[in-house]
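The values are calculated or read from the model by the stated rules, or taken from the named source; none is laboratory data. No experiment lies behind these values; they were computed from the predicted model shown. Ideal geometry is used to build each Cβ from the backbone, glycine not excepted, and the neighbour counts take in all protein chains shown.
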């Protein structure tokens, strides 16, 4: 066990190109999914927070429930969409990084939208009287509140990134865990553990945990900075 831990540390400290390639692909897929998720989720969440329409309460309940959407379910849905018999099968995206980005985007959009809705709704409750008094339309208020809450909304983005990076089920289904092409940290950990290559799986686990800790530290720092800025 001690030898395995030392070997895992060596892989982390010394540049191991196999580990580096897996980490790089993981970041590329997760950051791409995050960028798309932010572009969709933040405006959707902000619009739901400000606008009033029939069925809004039911939509909020569904959106909150989708925050815990099982990744394997998303993986099966994306697999069916991208398979040869599916509506997007002609594009040949299955078992590619693009398919993994698609799956991770479907996972992070509800989370980012739900967190953004809560943040913007709290701000709207504070500013609604003033904005209504000066005649600001609700759609214009959505844009203003997104700009005003941008630092708090960064927490939603970091939560989405954490969700994407720790996901394994969906990317395993739609990516296929192909060595050198679609193998990311979480799928590599599962595979290497089953093969008995514990040193590489532990090394990847160390990197993944460090990245997640860095994300949480960044989120905490941004929140403290935003609170000091407001105060």
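One line per residue, one yes/no per condition, for (1) surrounded by 19 or more Cβ atoms within 10 Å (Cβ to Cβ); (2) touching a strand residue (DSSP E or B) at 6+ places or on another chain (Cβ under 7 Å); (3) at pLDDT 80 or above; (4) closer than 19 Å to residue 103 by Cβ:
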| site | (1), (2), (3), (4) |
| --- | --- |
| 137 | no, no, yes, no |
| 142 | yes, no, yes, no |
| 157 | yes, no, yes, yes |
| 178 | no, no, yes, yes |
| 190 | no, no, yes, yes |
| 193 | no, no, yes, no |
| 203 | yes, no, yes, no |
| 225 | no, no, no, no |
| 230 | no, no, no, no |
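A count restricted to the stretch 149-200 and to residues that are touching a helix residue (DSSP H, G or I) at 6+ places or on another chain (Cβ under 6 Å), free of Cβ contacts under 8 Å to residues at least 24 places away in the same chain and more than 26 Å from residue 77 (Cα to Cα) stands at 2. Only one of the numbered conditions (1) at pLDDT 90 or above; (2) surrounded by 18 or more Cβ atoms within 10 Å (Cβ to Cβ); (3) under 21 Å from residue 173 (Cβ atoms) is violated by residue 73, and that is (2).
Selection of first residues in the stretch 76-98 that are in contact (Cβ under 8 Å) with a residue 12 or more places away in the chain and on the phi > 0 side of the Ramachandran plot and of second residues that are surrounded by fewer than 16 Cβ atoms within 10 Å (Cβ to Cβ) and part of a loop (DSSP other than H, G, I, E, B), restricted to Cβ pairs under 9 Å at least 6 apart or on distinct chains, gives the following pairs, ordered by first then second residue: 95/178; 95/181.
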